[in-house]
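Take a look at the structure set out below.
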Amino acid sequence: MDTQWDRRLEYAALLLAFVVVPIVAVIILRVTAIPRFDPSRITNWAVVGGVLLAIAAIALPAVLLTGWQSAQQSTSEEPPRERRRS
């Protein structure tokens, strides 16, 4: 039963991240937009840089946490050994 609840929670988080957040961002930008802002002045490099920053902001913590989790699992599965003295 708990796994079904966890799965629903994961789906809700994905829905929030991919649907609700962009819609709210667009609404906020429409309401609070600067009147003289011209979107045609945004360069392609700015868009590419923004996308790369967003990907890095998502991927870097995921990679770090995955490495940490695998290290935790590997230490918990290994039998205890004697320490070597250096």
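The values are calculated or read from the model by the stated rules, or taken from the named source; none is laboratory data. Predicted model, so just to flag it, every value in this text is computed and none were measured. When we count neighbours, we look across all protein chains shown, and the Cβ atoms used for this are built from the backbone with ideal geometry, even at glycine. The area values use the complete protein model at the heavy-atom level, side chains included, leaving out ligands, DNA and RNA. Shrake-Rupley method; radii C 1.70, N 1.55, O 1.52, S 1.80 Å.
Quick notes on this one:
- Any chance Leu53 is of a type outside the set (Lys, Arg), assigned to a helix (DSSP H, G or I) and modelled with pLDDT of 85 or more: yes
- In the range 15-27, residue farthest from Ala54 (Cα to Cα) [restricted to those that are open to solvent by 90 Å² or more (accessible area, probe 1.4 Å) and either touching a residue at least 40 places away in the same chain (Cβ under 8 Å) or aliphatic (A, V, I, L, M) (or both)]: Ile27
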